[in-house]
1. In region 35-151, carbon and sulfur make up what percent of the accessible area (probe 1.4 Å)?
2. What does the accessible area of F55 come to, in Å² to the nearest 10, when a probe of 1.4 Å is used?
3. If you count only protein heavy atoms and use a 1.4 Å probe, how large is the accessible surface of L165, to the nearest 10 Å²?
4. For V26 and D60 in the same chain, what is the full-extension length gain: residue separation times 0.36 nm, less their Cα-Cα distance, in nm?
5. Rank these residues by their accessible area, most exposed first, probe 1.4 Å: L94, L4, L150.
6. Quick one: ranking M1, M32 by accessible area, 1.4 Å probe, largest first, what do you get?
7. Roughly speaking, what is the stretch gain from L172 to V112, that is 0.36 nm per residue apart minus the C-alpha to C-alpha distance, in nm to one decimal?
8. Excluding ligands, DNA and RNA, what is the solvent-accessible area per residue of region 1-70 at a probe of 1.4 Å, expressed in Å²?
Amino acid sequence: MRRLFDITVAVLALVLMGPVLLAIHVMIRASMGGPVLFRQTRSGLHGRDFEILKFRTMHDPRYPDEPDATRITRTGQLLRTTSLDELPQLINVLRGHMAIIGPRPTLPAQVVHYTQRQRGRLDVRPGLTGWAQVQGRNALSWPVRIEYDLWYVRNRSARVDLAILWRTIGVLLRPTGITAAGGVNPGFPVPVAGLPQEDPGRECAVRTGTVRQDRSETFPLPRPIVWSAPITHSPVDPTRMLPPQRPAGDSLAEEVS
């Protein structure tokens, strides 16, 4: 049933969003030329690698070590702010690499840092959206995101999936947490050099210099960002309420990837 749901939603979304996909294709061609799609190896179900698809948002570097912020085009900034750059992943869903709902897929260079317990994150297909995505996205540290994902793997159900879909709409309408403050996701393991880095600071691509996460099984409780609705429970202890801990006036950095 879950796989049937994924295929049905992906097909309907591709049909309904056809004109939008075509318009984005034209915009990228006009602003950056080809290729239109960015491809990157990610780890999927049971750690099997697959090629994730995204709309391209950066032009090629004009000189060595050109900052990512200067490589992003206006079209790319729009696509990232609205999350429209993720639409090609509907093809990944149809191919069976991804699901509509699940943990976001990470780089193989980061999966090698997982402990045995953290590898439970790979027991389900990665998704377009997930529990960690609607709890704070990249404003959450790496270990906290893993805890949210592990909670989802242990507790996933139709009710939880519907709640995630509903909250995803709110996240898309009021985008925040697309990147962490300063464009650097806290606590992410540094990826192996040489991997394509279309979107450092987003999801799982990280900047060199980020401190490697200790391999301990014990993680701090989340420090959730301020949302219009309160975060109701902890991924470590779902019965525990988590009041917002970030000052209301502390705005998150807007997306730079």
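The values are calculated or read from the model by the stated rules, or taken from the named source; none is laboratory data. Predicted model only: the values in this text are computed from it and were never measured. Heads up, the Cβs are rebuilt from the backbone with ideal geometry, glycines too, and the neighbour counts pull from every protein chain shown. When the accessible area is computed, the model is the full protein with side chains, heavy atoms only, and any ligands, DNA or RNA have been set aside. Shrake-Rupley method; radii C 1.70, N 1.55, O 1.52, S 1.80 Å.
1. So the carbon and sulfur contribution to the accessible surface is 53 percent.
2. Looks like 10 Å² after rounding.
3. Spelled out: L165, probe radius 1.4 Å, area about 50 Å².
4. 10.5 nm
5. L4, L94, L150
6. Most to least solvent-accessible, the answer reads M1, M32.
7. Values: separation 60, 0.36 × 60 = 21.60 nm, distance 3.10 nm.
Using 0.36 nm per residue and subtracting the Cα-Cα distance, I get 18.5 nm.
8. Values: 4120 Å² over 70 residues.
Heavy-atom SASA per residue in region 1-70 reads 59 Å².
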